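The block underneath contains the structure these notes are about, expressed in structure tokens.
The values are calculated or read from the model by the stated rules, or taken from the named source; none is laboratory data. Predicted model only: the values in this text are computed from it and were never measured. Here the Cβ is made from the backbone with ideal geometry for all residues, glycine too, and neighbour counts use every protein chain on show.
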Amino acid sequence: MTRLSRTRTMWRTLAVAAAALLGVTAVPATAGAEPEPKAPSEFVALDRVDPTILQEMRYTTPHNFVGERIDGYRQPVCILTKPAAMALRKAQRSLLKQGYSLKVYDCYRPQRAVDHFVRWAEDLADERMKTEFYPNVDKSRLFADGYIAEKSGHSRGSTVDLTLVKLPAQPTRPYVPGEPLVPCFAPADERFPDSSVDMGTGYDCFDTLSHTDDPRITGVQRANRDLLRGTLAEAGFVNLPEEWWHFTYKPELFPSTYFDFPVSRRSVAGNR
């Protein structure tokens, strides 16, 4: 065999070996990649059921009690079980006749987001949003006082956080990280403007003033809370007494299942 032939044979051998090595190393990476879970067919995007309901999905933004986008929130889309979405459409039709609209802050919440909340609550040094969302609560008390838990009804798909907006809805401005914060129970014209009617506190306010029937809430604030609760009750929703914004449609389609698919349109693509 000539020197040229031996050289060609060597390079062919090396090329075959390299290709084989690449094939071996590529297989585990492909096999180990876990596809993102998708929502069951019973889940839908709310705007496919009722596009008139306003959405301000807080956990896709840094304007929340953590101060950053929450794990699992890929897109600002409200996802719910279809019965819950249909019930919201019923409530919305009633409110539109009275000059109001619903506005949702949070709907289905993946378990990975709840885990994010838990990690944040355990980090007692991170209090960047305390001034607005929990000015009167020691962060070490968040678990004991029930503000943070390891499971959330939102992850079952039939719970929604929402408010009322007087029509025509006023435009809202984006929150700018680092801007001065105002306590969530300050007068409505001092709190961060989000177009909501005055409910006595802002959304996700960790304070007893957020209790739906707190006796300190009177006048217009009381009337607004009663209108929201009464309208949703007629559509089949039950309010959580500690949070004026928190409602669960009953009976729940998945009363004991906590899902973890991401909040994105892809998760419910094809669902009707």
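Checking the structure you have, find out if any residue of the range 134-148 is without any contact (Cβ under 8 Å) to a residue 24 or more places away in the chain, touching a helix residue (DSSP H, G or I) at 6+ places or on another chain (Cβ under 8 Å) and in the same structural domain as Tyr59 (by TED's automatic domain parsing). Yes, the range 134-148 has at least one match. Taking the conditions (1) among the aliphatic types (A, V, I, L, M); (2) closer than 20 Å to Cys184 by Cβ; (3) not in a helix (DSSP H, G or I) in turn, Ala121 satisfies each one other than (3).
Which members of the range 243-252 meet the condition of being over 11 Å from Gly153 (Cα atoms) and either without any contact (Cβ under 8 Å) to a residue 40 or more places away in the chain or in contact with a Gly (Cβ under 7 Å, 6 or more places away or on another chain) (or both)? Please lay out each step first, then the result.
Of the residues in the range 243-252, the ones over 11 Å from Gly153 (Cα atoms) are 243-245, 250-251.
Result: Lys250, Pro251.
When each of Leu102, Leu80 is tested for being aliphatic (A, V, I, L, M) and under 21 Å from Pro193 (Cα atoms), the lone residue that passes is Leu102.
Looking at this structure, is Leu164 surrounded by fewer than 18 Cβ atoms within 10 Å (Cβ to Cβ) and either over 20 Å from Glu242 (Cα atoms) or touching a Phe, Trp or Tyr at 6+ places or on another chain (Cβ under 7 Å) (or both)?
Numbers: surrounded by fewer than 18 Cβ atoms within 10 Å (Cβ to Cβ): no; either over 20 Å from Glu242 (Cα atoms) or touching a Phe, Trp or Tyr at 6+ places or on another chain (Cβ under 7 Å) (or both): yes.
So Leu164 fails the test.
Got at least one residue in the range 87-105 being hydroxyl-bearing (Ser, Thr, Tyr), under 13 Å from Phe261 (Cα atoms), in contact with a strand residue (DSSP E or B) (Cβ under 9 Å, 6 or more places away or on another chain) and assigned by TED's automatic domain parsing to the domain that holds Phe237? Taking every residue of the range 87-105 in turn, none turns out to be hydroxyl-bearing (Ser, Thr, Tyr), under 13 Å from Phe261 (Cα atoms), in contact with a strand residue (DSSP E or B) (Cβ under 9 Å, 6 or more places away or on another chain) and assigned by TED's automatic domain parsing to the domain that holds Phe237.
Taking the criterion of being β-branched (Val, Ile, Thr), closer than 30 Å to Arg112 by Cβ, modelled with pLDDT of 95 or more and not in a strand (DSSP E or B), would at least one residue in the range 230-251 satisfy it? No, the range 230-251 contains no residue that is β-branched (Val, Ile, Thr), closer than 30 Å to Arg112 by Cβ, modelled with pLDDT of 95 or more and not in a strand (DSSP E or B).
Of all the listed residues (Arg272, Arg265, Arg216), the sole one being at pLDDT below 95 and exposed (fewer than 15 other Cβ atoms within 10 Å of the Cβ) is Arg272.
Restricting attention to the range 191-200, the residues being under 24 Å from Asp213 (Cβ atoms) and either free of Cβ contacts under 8 Å to residues at least 60 places away in the same chain or touching a His at 6+ places or on another chain (Cβ under 8 Å) (or both) number 4. Scanning the range 226-271 for residues that are within 21 Å of Ser101 (Cβ to Cβ) and more than 18 Å from the chain's Cα centre (by Cα) yields Asp226, Leu227, Leu228, Arg229, Gly230, Thr231, Leu232, Ala233, Glu234, Ala235, Gly236, Phe237.
For the range 189-212, state whether one or more residues are over 26 Å from Thr61 (Cα atoms), assigned by TED's automatic domain parsing to the domain that holds Leu142, surrounded by 12 or more Cβ atoms within 10 Å (Cβ to Cβ) and touching a helix residue (DSSP H, G or I) at 6+ places or on another chain (Cβ under 7 Å). There is no residue in the range 189-212 that is over 26 Å from Thr61 (Cα atoms), assigned by TED's automatic domain parsing to the domain that holds Leu142, surrounded by 12 or more Cβ atoms within 10 Å (Cβ to Cβ) and touching a helix residue (DSSP H, G or I) at 6+ places or on another chain (Cβ under 7 Å).
Taking Val137 as the residue in question, decide whether it is surrounded by fewer than 21 Cβ atoms within 10 Å (Cβ to Cβ) and either in contact with a Pro (Cβ under 6 Å, 6 or more places away or on another chain) or of a type in the set (Val, Ile, Thr) (or both). Show your work before the answer.
Working: surrounded by fewer than 21 Cβ atoms within 10 Å (Cβ to Cβ): yes; either in contact with a Pro (Cβ under 6 Å, 6 or more places away or on another chain) or of a type in the set (Val, Ile, Thr) (or both): yes.
Taking the combined requirement at face value, the residue satisfies it.
Within the range 257-270, being assigned to a loop (DSSP other than H, G, I, E, B) and closer than 12 Å to Gly157 by Cβ holds for Thr257, Tyr258, Phe259, Asp260, Phe261.
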